[in-house]
Structure formats: C-alpha cells, structure tokens
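Notes to accompany the following structure.
The values are calculated or read from the model by the stated rules, or taken from the named source; none is laboratory data. Model, not experiment: these values are computed from the prediction. Here the Cβ positions follow ideal geometry from the backbone for every residue, glycine too, while neighbour counts run over all protein chains shown. Side chains are part of the model used for accessible areas, which takes the heavy atoms of the whole protein and leaves out ligands, DNA and RNA. Shrake-Rupley method; radii C 1.70, N 1.55, O 1.52, S 1.80 Å.
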Amino acid sequence: MQKRDGFTSSIGVTLATLGSAVGLGNIWKFPYMTGANGGASFLVVYIACTFLVGLPIMMAEILIGRHVKANAVESYKRLSPKGQPWFLIGVSGVVAAFAIMAFYSGVAGWVFAYVFKSIVALFTGTQATDSVAMFNNLVNDPIQPIIWQYIVLVSVGLIIMMGVAKGIEGTVKKLMPVLFFLLIALGIRSMTLPGASKGLEFLFSPDFSKIDSTVILMALGLAFFKLSIGMGTMTTYGSYYRNDQNVPTTTLRVMLADLLVSMLAGIAIFPAVFAFGMEPAAGPSLLFLTIPEVFKSMPMGGVFQVLFFVLTAVASIGAMLSLIEVPVAFATETLGWSRKSVTVITVILLMIFGAPAALATSVTKDWQLFGLNPFDFYDYLSSNLLLPIGGLAICLFAAWVWGGKAFKKAMSNDGALHNGGIANIVVLLLKFVTPLLILVILLQGLGLI
C-alpha cells in the first residue's frame, strides 16, 4: 500500500493552514466590511468572535482529520457510532468546497485579469483608464471571464497534481513570504501619503458607540467564514498533519497571522483611500473600482497597482488549493484513482459548473435558481446553508459524539503535551457557546433574524 502523502515540516503545516485561511477575504472582504461597519470598533468585536467561533472549530476539524488520517467524509464515518450518519458532515464539506470553488475561481479570474491589465497599462502608459469601465468591460464580456477562470483552475490543478508535500506545501512556502513582503511594501507606501493618518485612525481608533447588533452579527459571520472552517478544508489538511504537531499552538499562530495579513491589508488600503478622498465603506467594489482609482492618483501608482493585484492573486491561490484538495482527496481515497486523474476530472467539472457563475453578469444573468443567478446561488448555498450547518454539526460531533475525553487526548498528542486547561476551555466552547453563535449566523443567513 502506498504511503499517504502529508506535510513534512512544522513551518510547512503552519504556512499551508495559513494559506487556506488567507484568501480574497483578507484583501477584499475584511477591509470593506471593516470600512462599512465602523473601522476599529468592528475589528475589536471581530477578534472576540474569532476566539469564540473560528478557533474552536478549526481545532476540532484539524484534530479529527489528524486522528483518522483520511479525507473529510471518511474521517467522520470512522469516528461515528455505527449506523449514525455523521459522515454527512464530510459530504456537506465536499459539496461546499466545490460550490465555493465554482464562484471563487471566477472572482480569482478577475484578479488574474487585473494583474495582466495592470502590467499592460504600466508598460503602454494607459494607466488613466476609467476603473468602472475597465471592470464592467471585464465582467460583462461573454468570453474574458471564462478564459481567466479557466487559467486559474488549470494553474491550481497543476499544483494539486504535484501532491501535498511538493505541491501544496512547496507552493505556500514560496507564496506566503511573498504575500507578507508585498503587503509591507504597499503599507509603507500607503502610510507615506499626505493625509494617510486619517486612514490609520479609522482602522485603529475604536469608537465603541458604533457597536450595535448589526456590527456584532457582521463580525460574527466574518469570524466564522474567514478561517475556512465548515467546508472540509481543515479536516482534510488536518489529515496531513504530523502526529507530533502541537495543534493548539499551530491554530493560534494561524489565526494571529491571518489577522496580521488582514491588518496589513487595511494599512495598505485605508490610508491611501483617505488620502485621496475615496469612500472607505465602498463595499465589494473597493477592490476592483476604488483601489485602481487610488493608485491612478498616486506617484508610481502603476507599479503599486501591479504589486497590489499580484498580492491579491497570491492570496487567492492558497485558499483555492485547500478548496480543490477537499473533493480531490475524497475522490482519490474513495475511488482509488490516481491523484492526477481525479484532479483533471475535478478541474473539468469546475469548468463546467463554474462557467455559469463566471458569466452571471452577461450570458447567464437571466438564469435563475430559486430566484438567484448562478453566482449568487453558489454563494448562498455554501455561505448561508452548508457552512453554518456543517459548522454546527462539527461542534456537536466533536464535543458530544467523539466526546470531550477523546478530544482532549487528541489535543494533548496522547499525553505528550500538557494543555489540559486549553482543552477544557475549547470543549466547553464547542459544547455550549460556539453552537449557539453559529445558530445565530445560520438564522441571519436565512433571513430569520
């Protein structure tokens, strides 16, 4: 029997897990949600919610995957009492990862397109292109979004074919340092702009009077979705962990590093936004409309725009590797097919099912599934249904079915580590606190609160 692939080093484990957590959400969603919900006050609530929701489930998923050393479906199947369908947690994760990848690869395609267009604009001296027209020309074109989405899928597929150690671990070891370097370079440039201090004040000076139920709900939702939990990625990656890896320490490092990336993205974005009188609460358009306008107004803006979109592309790759690995690991281990064959089939299926999402503002804009276009349908299915339901089920399974005793034993690496206090807190959160908070997220996503 062929030895199962896995991560080879402690730094590789940390960077791969961080690569899964870091994505467009750090560069795109976190800044605009922070901007739209009051800046620093939102940040404080978000950090608290991360400790209560994101971190406990991340630990649970990784421990379950490491304990069983199998894909997301098989991990829950082996630990479930006979006849109980807890393996559906893994099935939900596989479906969620596929659905997210179907539309996420389209957005990543826009980012890759912007890298190319920014480089062309830099060398041809056409930097003054209207940002709104540039974005509309891209997303409303019946061909461009598909081409860029397919480039993204093929690129990620080629990395996945190389395996866990050489492909995923090897790639993120190279990309994560590049990510931090680009963020720091952009942040330094942004902070040197006249009027940049207003942006830093907005990000770091909390006004607690702005905290209301809406801000708390937004922070709670972001904390849940930001760390790639409930979609099978952490269970799958956990199965590649070494048995001596300190899971509590690793997950805490990943959470803090993920937060640091988001903060650095905020430092790179908000001082520049304020310096040029742009709107910090611009919403999803912040990445593709506001930022290019900011760079256009900046000395050497063309260069920094290229760096920014290269950075964003790098961030998206780590997340997509973990997403596509979930169905690939499941199919490889369940069907016994080669990794290359399964990867090719998965990429082709994503091309087929992802194309309608990529063309949701042009060719397929009138296609409706439950009143939603394909892009919004995949987003709603994963974000509002599968992820919160999966996260809720993981809490119940880890704390009540697998049980606190087995959970604590796995967290201590079978007694090798002395972290009983942390384990007790995590189990307590998983039993009572985290499920209630996820239930709030689920009810909010369904429009019931």
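A few remarks follow.
- Phi to ³J(HN,Hα) by Karplus 6.51 cos²θ - 1.76 cosθ + 1.60 over segment 251-261, Hz, x for Gly, Pro: 5, 5, 4, 4, 4, 5, 5, 4, 5, 4, 4
- Sequence-distant contacts, meaning Cα pairs under 8 Å at least 6 residues apart, place the relative contact order of the chain at 34 percent.
- Label-point gap, in nm, between Leu158 and Val344 - each point 7 angstrom along Cα→Cβ: 1.6
- Highest-MSF residue in the chain out of Thr124, Thr312, Thr250 [GNM, Cα springs under 10 Å]: Thr124
- D (Stokes-Einstein, µm²/s), Kirkwood Cα radius, the chain, 1.002 mPa s at 20 °C: 97
- Positive end of the dipole of the chain (Cβ unit charges, origin at the Cα centre): among Ala133, Phe7, Gly230, the Cα lying farthest that way belongs to Phe7.
- Near-label residues of segment 93-119 by backbone N, under 12 Å of a point 7 Å along Cα→Cβ of Ile352: none
- Gaussian network model of the chain, Cα within-10 Å springs - most flexible of Ala133, Ala102, Ala315: Ala133
- The per residue volume of the convex hull around the alpha-carbon atoms of segment 335-449 is 171 Å³.
- Accessible area of Val95 in the full protein assembly, 1.4 Å probe (Å², nearest 10): 70
- Farthest toward the positive end of the dipole of segment 1-97, out of Ala36, Val68, Leu24, is the Cα of Val68, where the dipole comes from beta carbon charges about the Cα centre.
- Label-point separation, Ser10 to Leu372 (7 Å along Cα→Cβ), nm: 4.2
- Between 0 and 90°, nearest 10: helix 170-191 axis offset from the chain longest Cα axis: 40
- Mean sequence separation of contacting Cα pairs (under 8 Å, at least six apart), scaled by the length of segment 326-449, corresponds to a relative contact order of 19 percent.
- In order along segment 40-56, phi translates into HN-Hα couplings of 4, 5, 5, 4, 4, 5, 4, 4, 4, 5, 5, 5, 8, 10, x, 5, x Hz, rounded to whole numbers, per the Karplus curve 6.51 cos²θ - 1.76 cosθ + 1.60 with θ = phi - 60° and x for Gly and Pro.
- Per residue, the solvent-accessible area of segment 117-198 (1.4 Å probe, heavy atoms of protein chains only, all protein chains present) comes to 49 Å².
- A 1.4 Å probe over all protein chains sorts Ile449, Ile47, Ile216, Ile441 by accessible area into Ile449, Ile216, Ile47, Ile441, starting with the largest.
- Per-residue HN-Hα couplings for segment 317-334 [Karplus 6.51, -1.76, 1.60; θ = phi - 60°; Hz; x = Gly/Pro]: 5, x, 5, 5, 4, 6, 5, 6, 5, 4, x, 5, 5, 4, 5, 4, 7, 7
- Across segment 61-218, C-alpha contacts under 8 Å between residues 6 or more apart give a mean separation that, scaled by the residue count, equals a relative contact order of 13 percent.
- Ser362-Leu252 pseudo-label distance in nm [points 7 Å out on the Cα-to-Cβ vector]: 5.0
- Degrees separating the helix 10-21 axis from the principal Cα axis of the chain, which is the longest one: 60
- Cross-link pairs beyond the 31 Å C-alpha cut-off, checked among Lys77/Lys226; Lys29/Lys210; Lys82/Lys340; Lys77/Lys431: Lys82/Lys340
- All C-alpha pair distances within segment 90-236, sorted into 10 Å bins from zero, spread as 8, 21, 34, 28, 8, 0 percent across the bins.
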